[in-house]
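First the structure, in the form of structure tokens, and then the observations on it.
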């Protein structure tokens with residue numbers, strides 16, 4: 001079984017049957033059974049040619065935690081905070097769907113639906129299956145949550161989508177598989193998300209939020225719907241995704257909200273309803289318009305909605321006999337998308353992303369790129385821990401899945417990580433008690449994911465499929481230690497004491513770049529231009545010039561250099577032997593607020609590089625996009641916030657370059673940053689704010705704890721590399737992967753048993769540098785889900801952007817492959833059965849929607865079926 005990984009950045013999933021050596025018995029590879037039937041045909045109401053067809057989409061938007069915890073939202077607890085109970089929404093909707101076969105409803109968050117489903121009787125489950133089979137209840141998106149797009153890493157996004165989609169597949173078969181991605185609430189949209197959705201087999205993508213200037217331009221140009229070309233490396237249409245912007249965010253039109261939480265009057269039985277407002281339809285290209293009828297946690301009393309929607313449809317359509325050309329119908333995003341496809345039009349192309357997002361001139365939602373930095377780091381290392389746990393469950397055999405809490409122990413952490421991807425979780429835009437709950441769930445998942453430890457004093461496990469040099473730092477009590485490896489060979493080590501001499505800054509920093517730590521004072525809303533304040537979502541400094549925390553720093557040096565800029569800001573600079581990067585370990589906090597001003601602390605790297613206003617950031621940890629100061633690729637920007645309006649999400653790395661040098665910063669969590677001055681990169685580290693930014697969370701971002709009652713202290717790392725641009729990717733891509741999937745260190749008391757195995761490798765050989773082992777996970781008892789990715793973009797590396805061949809049969813040391821079957825990225829469809837709608841770009845180029853290439857999960861890899869068998 002040989003797989004050739006081609007030069008496009010792509011993803012794929014493989015299910016293979018395994019046999020351990022020598023304990024497992026052979027087992028055929030996994031078969032997923034689908035129900036027969038043609039999607040869309042039996043479930044969509046007929047539309048009327050020549051009329052404006054208004055597709056009413058009843059829906060609820062159920063945050064998997066925000067103002068209340070995920071548990072409180074499901075059960076309807078703490079309604080003093082917000083009246084919301086998801087279990088009652090699903091109860092009520094199913095009851096109302098049964099009363100009228102014309103009615104439709106869509107549901108999104110599988111985390112909630114999974115809980116509700118497990119509580120239902122067999123009769124109710126059969127009833128719901130029938131509603132799904134008939135297309136009256138449709139799942140859209142289908143992930144465990146509706147993930148954030150700025151602060152999430154692609155590996156965690158794929159995991160949470162796979163979890164949700166697998167449940168729908170196993171429960172409802174083909175009819176439960178979502179065909180539309182639905183991100184109505186995230187605060188900006190990443191190109192890599194669109195690429196992943198395309199590789200998961202979605203036909204379209206709808207969202208609600210985009211920059212107010214961009215929306216206005218698109219309304220005039222009638223470009224509310226487009227074809228998003230979401231990869232510069234994948235051959236079209238592999239990462240092409242039809243994308244639509246919803247006309248009213250995700251809320252109903254004004255005056256048409258009939259939930260118990262709304263104040264709009266109900267429809268009375270008056271036949272004179274000429275005032276129905278359909279003006280928004282004029283900004284779309286076809287005679288179809290989509291209207292979202294619902295909002296946050298609505299339909300708890302679904303009778304209110306459906307009784308009025310039934311009347312709306314009946315009375316508006318009655319006007320057709322008097323010459324009206326408006327036809328209103330119950331619909332779903334899939335049915336709406338089907339009508340757009342039938343129109344056979346050409347659509348404008350988009351190749352960049354939708355960051356940053358602003359809803360007015362001084363209101364840029366760029367603060368959440370950094371908000372709650374401690375939670376962001378905890379989520380990132382939890383992802384690394386989860387990948388390691390899943391690998392060991394596979395490589396270690398059945399005994400490794402019998403941890404302290406029983407078999408399948410990684411499931412608890414999988415669910416906690418999936419919930420943490422929500423757009424009000426890792427984003428940092430939730431209330432404090434909800435953030436605490438996310439952290440608690442992750443900690444509980446860590447405990448459940450423990451596997452029986454071997455008799456090592458210190459055990460280091462590398463989850464990457466290649467060797468790494470990784471410094472291990474341990475607290476010790478003493479000055480003399482002897483460290484040896486598994487073969488008894490001495491390992492280089494140093495004991496770093498707390499005493500040192502003072503040196504000057506120029507003694508250890510190159511003249512090419514320097515680091516100053518600075519801060520912005522947050523706006524308190526007392527401003528002549530705008531009353532907008534900095535908060536969990538929005539970044540708005542009260543001046544365009546950062547305040548230098550200190551122009552001088554107390555410095556101590558040993559094998560590392562320690563800088564104190566102030567009592568609450570310090571930094572350690574390290575350069576390990578043979579290291580490819582300089583390590584900056586920053587510590588910030590408690591951020592002082594005695595002057596009644598919130599503060600946003602940044603690390604600014606100034607260099608002699610002639611960057612000309614251009615810098616580069618990653619998209620969800622994968623492909624890299626070019627950014628340019630005060631510029632948007634597809635529309636003319638009127639810049640009103642010179643700092644916040646030039647901040648972008650940095651998920652794993654950012655860099656500036658010229659013809660000679662490239663300065664790259666690898667981050668250990670998602671952060672916000674920009675290049676405000678030529679030759680400079682700044683990255684926001686920590687935020688402590690005293691005002692709410694009036695975007696719904698209802699409290700300031702002022703984190704404290706029992707341990708830190710005066711304010712949260714946060715520590716993190718940046719890795720800096722300086723290299724020629726032609727070879728820079730060969731350094732920063734592996735570095736970024738090492739930080740995301742860092743070696744796991746565990747400890748065991750006691751002496752080593754003589755029979756203890758001191759070294760272990762799950763692979764027979766190191767994978768090529770271009771190939772990343774993304775997923776090794778137990779699928780069922782004898783089947784494993786494998787994802788490999790080619791991790792270099794096209795033309796990014798002269799050496800590593802080339803095709804690579806991988807021998808799957810000789811991959812693992814403890815497993816034998818008995819069979820392999822290719823699946824799509826989310827592992828919910830066979831690859832050779834995955835078809836997508838084909839769309840025409842305005843250039844006139846027509847791309848078929850069917851491909852015989854299997855996309856490996858990565859920036860660059862495609863595998864042809866013929867190459868595998």
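Before moving on, here are some points about what is shown:
- Hits in segment 752-793 (condition: at pLDDT below 90 and either touching a helix residue (DSSP H, G or I) at 6+ places or on another chain (Cβ under 6 Å) or outside any strand (DSSP E or B) (or both)): 752, 753, 754, 755, 756, 757, 758, 759, 760, 781, 782
- Every residue from segment 57-76 that is surrounded by fewer than 21 Cβ atoms within 10 Å (Cβ to Cβ) and touching a helix residue (DSSP H, G or I) at 6+ places or on another chain (Cβ under 7 Å): 75, 76
- Look at segment 159-181: where a residue is under 12 Å from residue 202 (Cα atoms) and a partner is at pLDDT below 95 and surrounded by fewer than 23 Cβ atoms within 10 Å (Cβ to Cβ), sitting 6+ places away or on another chain with Cβ atoms under 7 Å, you get 179/39.
- Note on segment 331-359: residues that are over 16 Å from residue 193 (Cα atoms), surrounded by 21 or more Cβ atoms within 10 Å (Cβ to Cβ) and touching a helix residue (DSSP H, G or I) at 6+ places or on another chain (Cβ under 7 Å) total 1.
- Looking only at segment 360-373, and only at residues there that are assigned to a helix (DSSP H, G or I) and out of contact with any helix residue (DSSP H, G or I) (no Cβ under 8 Å at 6 or more places or on another chain), the one that is farthest from residue 207 (Cα to Cα): 373
- Residue check for residue 648: surrounded by fewer than 23 Cβ atoms within 10 Å (Cβ to Cβ), closer than 30 Å to residue 217 by Cα and either at pLDDT 95 or above or not assigned by TED's automatic domain parsing to the domain that holds residue 157 (or both): no
- Within segment 237-260, residues that are assigned by TED's automatic domain parsing to the domain that holds residue 219 and within 16 Å of residue 309 (Cβ to Cβ) sit with their Cβ atoms under 6 Å from residues that are at pLDDT 95 or above and surrounded by 22 or more Cβ atoms within 10 Å (Cβ to Cβ), at 6+ positions apart or across chains, in these pairs: 252/293; 258/305; 259/298.
- Count - residues of segment 322-346 that are at pLDDT 95 or above, assigned to a helix (DSSP H, G or I) and more than 30 Å from residue 88 (Cα to Cα): 5
- Selection of segment 581-609 for residues being surrounded by fewer than 20 Cβ atoms within 10 Å (Cβ to Cβ) and in a loop (DSSP other than H, G, I, E, B) yields 590, 592, 593, 594, 595, 596, 597, 608.
- One residue stands out among those in segment 543-580 that are assigned to a loop (DSSP other than H, G, I, E, B) and either at pLDDT 90 or above or outside the structural domain of residue 686 (by TED's automatic domain parsing) (or both): the one that is nearest to residue 356 (Cα to Cα), which is 568.
- Residues that are free of Cβ contacts under 8 Å to residues at least 24 places away in the same chain and within 31 Å of the chain's Cα centre (by Cα), drawn from segment 546-573: 570, 572
- The listed residue being over 29 Å from residue 769 (Cβ atoms), at pLDDT 95 or above and within 17 Å of the chain's Cα centre (by Cα), out of 439, 416: 416
- Here residue 697 passes the criteria (1) surrounded by 21 or more Cβ atoms within 10 Å (Cβ to Cβ); (2) under 22 Å from the mean Cα position of the chain (by Cα); (3) not in a loop (DSSP other than H, G, I, E, B) except the one numbered (3).
- Evaluation of residue 44 against the conditions (1) at pLDDT 50 or above; (2) not in a loop (DSSP other than H, G, I, E, B) shows that the sole unmet condition is (2).
The values are calculated or read from the model by the stated rules, or taken from the named source; none is laboratory data. Since the model is a prediction, treat every value here as computed from it, not as a measurement. Backbone-built Cβ (ideal geometry, glycine too); neighbour counts: all protein chains shown.
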